[in-house]
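Data first, discussion second: the structure below is written as structure tokens.
Every number in this text was worked out from the coordinates using simple rules, so none of it is lab data. Everything numeric here is computed off the predicted structure, so don't read it as measured data. Neighbour counts run over all protein chains shown; Cβ positions are idealised from the backbone, glycine included.
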Protein chains: 2
Amino acid sequence: MAHPMFVKHQDLLGSAVHAIESRGCWSPYSDDLADYGENAVEAGRKAFFEAYPDAQFYLDQPGVVGRGGGEASPYGAALNISYPKCSADALIAAAKTAMPAWAKAGPDVRAGVCAEILERLNRRSIELAFATMHTTGQSFAAAFPEAGAGAQGRGLEAVAYAWREMKHVPYRATWEQERGARAPLKLEKRYAVMPRGVALAFSCAETPTSSSYPGIFASLATGNAVIVKPHPEAILPLAITVALMRQTLKEAGFDPDLVSLLVDTAAAPVAREVALKPDVRIIDYAGDAEFGEWLEQNVHDVLLFTEKPGVSCVVVDGAADYVGMLDNIALSLTANAGQRRGAPQVVFVSRQGVRASTHMAHAATIPAERFGPDLARAIGRRLEDAAAACELLGAIRSPATQARLDALAEAGEVMRAAEPIAHPQWPEAVVRAPLLLQVPVDAGDLWMEESGCPAAFIVETATTAQSLALAERAMREKGSLMFSVYSDNENIVQLAEEASLRTGTPLAVGLVGDFVAGRTAAFSDYRASGANPAARGCLTDGGFVAGRFFVVQSYRNA
Amino acid sequence: MAHPMFVKHQDLLGSAVHAIESRGCWSPYSDDLADYGENAVEAGRKAFFEAYPDAQFYLDQPGVVGRGGGEASPYGAALNISYPKCSADALIAAAKTAMPAWAKAGPDVRAGVCAEILERLNRRSIELAFATMHTTGQSFAAAFPEAGAGAQGRGLEAVAYAWREMKHVPYRATWEQERGARAPLKLEKRYAVMPRGVALAFSCAETPTSSSYPGIFASLATGNAVIVKPHPEAILPLAITVALMRQTLKEAGFDPDLVSLLVDTAAAPVAREVALKPDVRIIDYAGDAEFGEWLEQNVHDVLLFTEKPGVSCVVVDGAADYVGMLDNIALSLTANAGQRRGAPQVVFVSRQGVRASTHMAHAATIPAERFGPDLARAIGRRLEDAAAACELLGAIRSPATQARLDALAEAGEVMRAAEPIAHPQWPEAVVRAPLLLQVPVDAGDLWMEESGCPAAFIVETATTAQSLALAERAMREKGSLMFSVYSDNENIVQLAEEASLRTGTPLAVGLVGDFVAGRTAAFSDYRASGANPAARGCLTDGGFVAGRFFVVQSYRNA
């Protein structure tokens, strides 16, 4: 008899597979607060602050050796949450015990259980948004779609890829070879999908759920057990996730130790030790470059996907809508400023100026020296209202980020200062406008290194061709998740497309309106590509899921 | 306009995709000599000996720095063929120049050109069989299906997987989000399949074409250029292949440098140096364990598939057909003896004897001590006729293999000696019967290391449960491509199935008749699984092809 969770979600899974192949606008998870009920936000806020501050988060995991935690809210809310700290060896042993029954359940049951988990996570989107806000510094307005529907969509997308890939493998076949007058040769064959092994999923401090759900769900759907290792500054969103997953797995008839949470602290990190355990066969990592590169050099015979910082470039050549362009770049620079992977960091503009051809009686060329001040004013327009500005910018998570921001202000010509903005609800929150600096083209030590703070660089070049060449070099050498180009010249757009293809960087052409460069939608956008140093994989394609399982066959004479 | 080679092969590709999903008995390439025309073998032999001995093999590759070669026929035929030796840097540079147009041509054109190449290779199967025979030592009877239709089927199978995987990515999509009263948000998106980079394909000395075609065609079909690095003792089959591929690519309108041959010698190997070149992004390797392990430890951020020696185990518990079982094991031990990957190496039989239940009036238990002599006699029956024995066994390629065989004869109780057999046509050929040795269960240093010569070990255990445990340990630690079990007890079969699944070793249950254990059929058998040390990938599944390309997207406001 089919598992009830598969029966319940079978149509959804079919739609999800259709969506990954047609890639239009589709998601079963709404990012419209109105769909979550009246007063949902207030009720959620109240529930959040009743449940978590000073709580001992409950997880019935094996091998508990103590408690840890110590997250601090960038908004100044008192958290003081502790989590069970478990021995990695105990979690691995429990994961291995849990896997055989999960493997045996087959692709349909696993996909159905994963879909049920995601539906339940979706119902807790507001709680997850508050948990994300108070660990990452994202505003509630940013965290709600990102940590909720956005992350859930990426999770279901991974399940759809995994399910389709596994369903390509038949359960059985009869092999029969005619041999003329002699009896045909005949074999009965069976094919089993087997998990690769224990998976380790590292989440990052900026977007803990959306950075880790693809790997977590891709591994789980393909039969593996998953140990989730959150960044020590953003544990809660993953703790809520893991607790819900364990509960759902249990209700579905499986061992909850298929998913567990491994908590450590910055002072006593366990990541390297765990990554080298021989039973760990899959690692998904999102985080800083240093540990990502260490993983790339040190783990062997492990399926490894890393996502690390890169340099996102904007090339400004000309625009059909100059003001629309400025407004859009300003939006991309201010949306969750500097704490969002793929946010623009460097804007190239040529000394020959910016051709602006529409919304004017005649085509005009804006002088290059006007571009910086124009962009600064466009940023200013986005930040006129302090409350709205805080929702757009979010709060700065760590003092190190502030320090970097202040140090950078000395490093170039300030087009717009990173002025502090008082948060109307959270007086302790550090909210800063993005710093806009003009730096010379040869200051690659500045603009070619991810700043890790809300700062963007304007770099003046000799020609747009040079802008494209510099962008291509940065994307190839440093990696990049996003490349944006504005031009009314199709030859320039074509050159940009070729640079995008050569470096494997997703390209946005002439973006205006409410689209934030670098923000991606599950089921439609391939986030990253795997082809440049910013990411070793693509969210999501066949390559992200296919290596997570093996096919093992048996046969006998028929 | 569609490319003529795609038009020609579109139906074939559709059938191939159907075949990889249904996995019955299917191949467009016949392994029946009768289908190749009357006198095809004699004509092929004549043509082979006219064309190749003392030839300077012509390849119009860049960067020629000299000539090399020096293969010796295990049958004593005079070869003395030389090949152009090219600078690896020149081949890589030419490959990179050739790739953009090939990438741009798209999945359909590339799949069509690959199918045309395979059709043309198929027409030269007899020539490829002679080239394989006189480099590897396989008999003509063995080489014809293996190096011809078998390898070609594996090539087309890889093309089918690659084509299906790439076709899952749409060319474009419109993303449109309704926003109530406001105008909908709308983006036009495009998705491009881009190659990973230059691929390096290492072929082995035993089965040069079938071990390398999957990787070569998977890489080429996904848009990559391929440098083929043959084992220095078996160059000719790949030289013929590469020359034909280059000619076909040229006719199809592409740069022949998409495929090139990199020749070296055992005295001056280039493999390590080439494998570490930063432009090499994919490596497929089949060969000895030493270099395979070196690759696994030393290449980073390269898609790496290795196939190395493993230990193939047979567990004998009971048999419905005792004589049929003996005959089948004898066939597997004598077919291209000891030079075929996946050939059985160790046969476990328990002290409790072998239940034999059919072809007898009543069930009987054959005492364990009778099993070795019975199997020795079954081998003898296969070798009664010297000419047929030579076709079955093939010739031993290297003096080192002979030396290993002679040394092993001192290492255990000889059940059947590796007697030399005079070849009726080739007096210089070294043909040896397989050595059958009984060794103690604690002589794991013998039976758990691939012998690399035509030798098999009988190991007597206390119980079949111990046999299964020992086999599982060998498969897990040493890797294995094949596991064979004979039992009339379904509980034992189930235990064997579980060991097969746990270790990722393909399982044959109760094989009798003309099936050779470890020999696999394209489109039906998943060769290896990727789950144990004998192979890092499976021939062929989605995971074998999906990482060979990236998806890069672009979008603009609609």
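Taking the centroid of alpha carbons for each part, the stretch B:483-528 and the stretch B:6-44 are 26 Å apart. Altogether, the Stokes-Einstein calculation at 4 °C and 1.567 mPa s, with the Kirkwood radius of chain A over Cα pairs as Rh, returns a diffusion coefficient of 53 µm²/s. Here the 3J(HN,Hα) profile of the stretch B:137-147, calculated from phi with Karplus coefficients 6.51, -1.76 and 1.60 at θ = phi - 60°, is x, 4, 6, 4, 4, 7, 5, 4, x, 6, 7 Hz, Gly and Pro shown as x.
Charges on Cβ only, +1 for Lys and Arg, -1 for Asp and Glu, centred on the Cα centroid of the protein assembly as shown; of B:Tyr29, B:Phe457, A:Ala534, which one is farthest towards the dipole's positive end? With unit charges placed on the Cβ atoms, the residue in question is B:Tyr29. Ranking B:Val315, B:Leu392, B:Met448 by how far each Cα lies toward the positive end of the dipole of the stretch B:313-509 (charges on Cβ) leaves B:Leu392 at the top. For the stretch B:313-509, DSSP calls about 25 percent of its internal beta bridges antiparallel.
Taking every residue in A:530-543 and counting other chain Cβ atoms within 10 Å of its Cβ, the average works out to 5.
Annotation: amide H of A:Gly510 within the under-5 Å range of A:Val485, A:Tyr486, A:Ser487, sequence separation 5 or more or interchain, hydrogens built in the peptide plane. Rounded to the nearest 5, the antiparallel percentage of DSSP beta bridges internal to chain A is 45%. For chain B, the residue among B:Gln352, B:Val552, B:Trp102 whose Cα projects farthest onto the positive side of the dipole built from Cβ charges is B:Val552.
Could you work out the local net charge near A:Lys8, counting Lys and Arg as +1, Asp and Glu as -1, over the other residues with Cβ closer than 10 Å to its Cβ?
Residues near A:Lys8 contribute -3 overall.
Residue by residue, the stretch A:290-306 carries 3J(HN,Hα) couplings of 4, 6, x, 5, 4, 4, 4, 8, 10, 9, 10, 6, 10, 6, 10, 10, 10 Hz when phi is fed to the Karplus relation 6.51 cos²θ - 1.76 cosθ + 1.60 (θ = phi - 60°); x denotes Gly or Pro.
The charge dipole of the protein assembly as shown, taken about its Cα centre with unit charges on the Cβ of Lys, Arg, Asp and Glu (plus for the first two, minus for the last two), comes to roughly 880 debye.
Of the peptides B:375-386, A:176-187, the order by per-residue mean of other Cβ atoms within 10 Å, starting with the highest, comes out as B:375-386, A:176-187. At q = 0.04 Å⁻¹ the log10 of I(q)/I(0) for the protein assembly as shown amounts to -0.23, computed by Debye summation with a single uniform scatterer per C-alpha, solvent ignored. Averaged over the residues of peptide B:184-190, the number of Cβ atoms from other protein chains lying within 10 Å of each residue's Cβ is 4.
Each Lys and Arg Cβ is given +1 and each Asp and Glu Cβ -1; about its Cα centre, chain B then shows a dipole of about 2100 debye. To the nearest ten degrees, helix A:125-136 and the longest principal axis of the Cα atoms of chain A are 60 degrees apart.
Of all aspartates and glutamates in the structure, the ones whose alpha carbon falls short of 16 Å from that of B:Lys308, not counting any fewer than 8 places away in one chain, are A:Asp301, B:Glu206, B:Asp284, B:Asp288, B:Glu290, B:Glu293, B:Glu296, B:Glu449, B:Glu450, B:Glu477.
Across chain A, Cα pairs under 8 Å and at least six residues apart give a relative contact order of 17 percent.
Sequence-ordered 3J(HN,Hα) estimates for the stretch B:490-500 from the Karplus curve with 6.51, -1.76 and 1.60 and θ = phi - 60° stand at 5, 5, 5, 4, 5, 4, 5, 4, 5, 5, 4 Hz, glycine and proline given as x.
The loop-placed chymotrypsin sites (Phe, Trp or Tyr not before Pro) in the stretch B:147-186, going by DSSP, that have at most 14 neighbouring Cβ atoms within 10 Å of their Cβ come out as B:Tyr171.
Relative contact order of the stretch A:316-416, taken over Cα pairs closer than 8 Å and 6 or more residues apart, is 31 percent.
Applying both filters, DSSP loop and at most 13 other Cβ atoms within 10 Å, to the chymotrypsin sites (Phe, Trp or Tyr not before Pro) of the stretch A:33-73 gives A:Tyr58.
Taking a Cβ cut-off of under 10 Å around B:Gly44, the surrounding Lys, Arg, Asp and Glu residues balance to a net charge of +1, with basic ones at +1 and acidic ones at -1. Computed over the alpha-carbon atoms, the stretch B:408-558 gives an Rg to Rh ratio of 1.12, Rh here being the Kirkwood radius from the mean inverse distance.
Peptide B:507-513 shows a mean partner chain C-beta count of 5 within 10 Å per residue C-beta. Placing a label point 7 Å from the Cα of B:Thr265 along the Cα-to-Cβ direction, the distances to the matching points in the other copies come to 6.5 nm, shortest first.
Estimated from helical segments only, the mean residue ellipticity of chain B at 222 nm is -13000 deg cm²/dmol, where each DSSP H run of four or more residues counts as -39500 (n - 2.57).
As a rough guide to protection, the peptides B:140-147, A:442-449 ranked by mean Cβ packing within 10 Å, highest first, stand as B:140-147, A:442-449.
Label points for A:Ala43 are taken 7 Å from Cα along Cα→Cβ. From this copy to the others they lie 8.3 nm apart, shortest first.
Inter-label distance, A:Lys8 to B:Ala388: 6.4 nm, where each label sits 7 Å from its Cα along the C-beta direction.
From Cα pairs below 8 angstrom and at least 6 apart in sequence, can you work out the relative contact order of the stretch A:390-515, rounded to a whole percent?
About 18 percent, as a whole number.
For the stretch B:313-509, pairs of C-alpha atoms spaced more than 22 angstrom apart make up 45 percent of the total. Sparse packing (at most 12 other Cβ atoms within 10 Å of the Cβ) combined with a DSSP loop state is found for the following GluC sites (Glu not before Pro) in the stretch A:36-135: A:Glu38.
Only Lys, Arg, Asp and Glu carry charge here, each on its Cβ (+1 for the first two, -1 for the last two); on that basis the stretch B:313-509 has a dipole of about 220 debye about its Cα centre.
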